[in-house]
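Shown next, in structure tokens, is the structure this report addresses.
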Amino acid sequence: MRGWNTRRMTRVVVAMATTAISVTLAGVCTPDVVSAAPTTQSTVGVQPALPFPVPPTIPEFDHAFYQPSPTVVAAKRPGEIIAARRVNLAALSVIPINVDSWQISYRSTNTRNEPIGAVATLIKPRGALRPGPSKLVSWQSAEDSTSMYCAPSYALQQASIPGQLTGSADSTYELLQITSLVSAGWSVVIPDHEGPDSAFAAGPLAGRITLDGIRGARNFAPLGLKDDLRVGLMGYSGGAIATGWASELHKTYAPELPIVGAAEGGIPADIAALVNLANNNAASGLILAGVIGVSREYPELEHFLQQHVNPLGKTLLATKNPLCLTYQAALAPFLNIKGLFTLPGDPLTYPTPRKVLGALKMGTTTPDFPMFMYQSNPDWIAPVGPVNRLVATYCANPDAQVTYTRDHFSEHITLAVEGFAPAVVWMRDRLNGIPVQAGCSTTDQGSMALNPQTWPAFANLVGNNLAAIFQAQLGNPPVTP
């Protein structure tokens, strides 16, 4: 891979270390329409799941699945499956979840229109298919990391190294939300949307990988999706980067996908604004990780960093190169990010970062399906101003359908919990074919958690996870005589 001279060695060292722990524990342009894989279902053989307690292989060492031969990848169409295998999912890596689950390796495309491999996790309720239209939710995890072992495909597996050790916090705890989606009777696809280089915050790449993951899920026969499929997109924070970009790219990259709506919150609508807010702020460590991630997809930014950061900056970039979310956030908070550059003035105003960060700004295209967007007004990571402007940009289009809620008594982390139930209630209506009100609406609320219409969904979230702990069959419980 391209990049810092220490990157490959650092990843190997970290992967070896995590393996030891395991043993001890026993402007990018809007793309043209890309030719997708045929909608006939895949006949790729499915490998069996590993027996517990055999731990899954760390992605950095699982080259055949996570980094297939470039020749094999190039021979496939976007979304076409390369390999598939059953996996066992578990809460906190230990408590098994009673669902059917697989991983697929499939072809996607990077922002230079080059073929790349990608991986996604597929989940469905066990048992017979429900009557009525098939319903699939693409859940974009807030991975926010710079190594493949942080990806949800690894973190969600039984006997993986627990996220409390690797620092893969969001991918681990978001399983508690994903079980609610499965309990509703929906199938779920969870793409590793950062791609094979763990390009955190590279939104146009994440959007393509997400859309191709839906293509792969649609064509994966064991998932049992029918021709009357309805698809929803959901994601928060780093997951909203992938969700937002998939929404904007849908009509040019994958218009054949029957997406009926997207729900996103904590939206990083403008990465440059996040850098400005994070400078000397508590979120500086996390946002600097995003700069690293973006540089992996945009080599001109990586070259700019190599040429213009001081020795402290180079040390931090090398140190943060292989870390998951928790450690990224904990390393170098309240850092003067801009002070790491040797250039005079604001480094974001120079041509290369201005061009690259400009290409990551949402709002190039108005999504062609309804959007549910929610944001904490005092958000200290993803500022509300760019989200307000994004909504205004979308709603300047007379065909836009946007429901926007600003929450005033939350902040970035708490809204991830408060906003989940309202997002699920909104998504349920879209998947059930209930139309949204035409046009756009903006609502200011004290707390989204105080809306009584969403309280049953909050109760279901708790009940579903209690059921999962006690091994109940989620989403399609067997009929008892």
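Checking each residue in segment 111-128 for being farther than 23 Å from residue 231 by Cα and either out of contact with any Lys or Arg (no Cβ under 7 Å at 6 or more places or on another chain) or small (Gly, Ala, Ser) (or both) picks out 111, 112, 113, 114, 116. Go through segment 81-135 and count every residue that is in contact with a Pro (Cβ under 8 Å, 6 or more places away or on another chain) and charged (D, E, K, R). The qualifying residues number 4.
Of all residues in segment 269-278, those satisfying the criterion of being crowded, with 24+ Cβ neighbours inside 10 Å and in contact with a Pro (Cβ under 8 Å, 6 or more places away or on another chain) are 269, 274. In summary, residue 316 fulfils each of the numbered conditions (1) in a loop (DSSP other than H, G, I, E, B); (2) surrounded by 15 or more Cβ atoms within 10 Å (Cβ to Cβ) with the single exception of condition (1).
Within segment 385-399, residues that are under 13 Å from residue 442 (Cβ atoms) and in a helix (DSSP H, G or I) have Cβ atoms under 8 Å from residues that are modelled with pLDDT of 95 or more and of a type in the set (Val, Ile, Thr) in these pairs: 387/267; 390/267; 391/402; 391/442; 394/366; 394/402; 395/402, counting only partners at least 6 apart in sequence or on another chain. Residues that are under 23 Å from residue 199 (Cα atoms) and either polar (S, T, N, Q) or in contact with a Pro (Cβ under 7 Å, 6 or more places away or on another chain) (or both) were ranked within segment 341-358; the one that is surrounded by the fewest Cβ atoms within 10 Å (Cβ to Cβ) is 349. Taking segment 94-125 as the range and being more than 19 Å from the chain's Cα centre (by Cα) and in a loop (DSSP other than H, G, I, E, B) as the test, the residues that pass are 94, 97, 98, 99, 112, 113, 114, 125. Hey, any hits in segment 191-213 for a residue that's within 23 Å of residue 155 (Cβ to Cβ), part of a loop (DSSP other than H, G, I, E, B), of a type in the set (S, T, N, Q) and in contact with a Lys or Arg (Cβ under 9 Å, 6 or more places away or on another chain)? Yes, that holds for at least one residue. The number of residues in segment 217-246 that are in a helix (DSSP H, G or I) and under 13 Å from residue 193 (Cβ atoms) comes to 9.
Here 247, 171, 237 are screened, and the one residue that is at pLDDT below 95, within 30 Å of residue 299 (Cβ to Cβ), of a type in the set (S, T, N, Q) and within 14 Å of the chain's Cα centre (by Cα) is 171.
I'd like to check something: does segment 257-278 contain any residue that is within 26 Å of residue 415 (Cα to Cα), in a loop (DSSP other than H, G, I, E, B) and in contact with a strand residue (DSSP E or B) (Cβ under 7 Å, 6 or more places away or on another chain)? Among the residues of segment 257-278, at least one is within 26 Å of residue 415 (Cα to Cα), in a loop (DSSP other than H, G, I, E, B) and in contact with a strand residue (DSSP E or B) (Cβ under 7 Å, 6 or more places away or on another chain), which makes the answer yes.
Here the condition is being more than 25 Å from the chain's Cα centre (by Cα), β-branched (Val, Ile, Thr) and either part of a loop (DSSP other than H, G, I, E, B) or modelled with pLDDT under 90 (or both); of 454, 443, 480, it holds for 480 alone.
Each residue in segment 359-392 was checked for being in contact with a His (Cβ under 9 Å, 6 or more places away or on another chain) and surrounded by fewer than 16 Cβ atoms within 10 Å (Cβ to Cβ), and 2 of them qualify. Restricting attention to segment 181-222, the residues being at positive phi and of a type in the set (A, V, I, L, M, F, W, C) number 1. Tell me, which residue of segment 425-440 that is modelled with pLDDT under 95 and either of a type in the set (A, V, I, L, M) or farther than 14 Å from residue 370 by Cα (or both) is surrounded by the fewest Cβ atoms within 10 Å (Cβ to Cβ)? Only one residue tops the list, namely 438.
Close contacts from segment 343-368, counting a first residue that is at pLDDT below 95 and basic (Lys, Arg) and a second that is assigned to a loop (DSSP other than H, G, I, E, B) and surrounded by fewer than 17 Cβ atoms within 10 Å (Cβ to Cβ), with Cβ to Cβ under 8 Å and a gap of 6+ residues or different chains, come to none at all. Candidates 54, 34: the one that is within 22 Å of the chain's Cα centre (by Cα), β-branched (Val, Ile, Thr) and assigned to a loop (DSSP other than H, G, I, E, B) is 34.
Taking the listed residues 421, 459, the one that is surrounded by 15 or more Cβ atoms within 10 Å (Cβ to Cβ) and farther than 19 Å from residue 384 by Cα is 421, with no other qualifying.
Across segment 394-418, the number of residues qualifying as crowded, with 17+ Cβ neighbours inside 10 Å and under 21 Å from residue 248 (Cα atoms) comes to 8.
The values are calculated or read from the model by the stated rules, or taken from the named source; none is laboratory data. What you see is a predicted model; the values in this text were computed from it and never measured. No Cβ is skipped: glycine too gets one built from the backbone with ideal geometry, and neighbour counts run over all protein chains shown.
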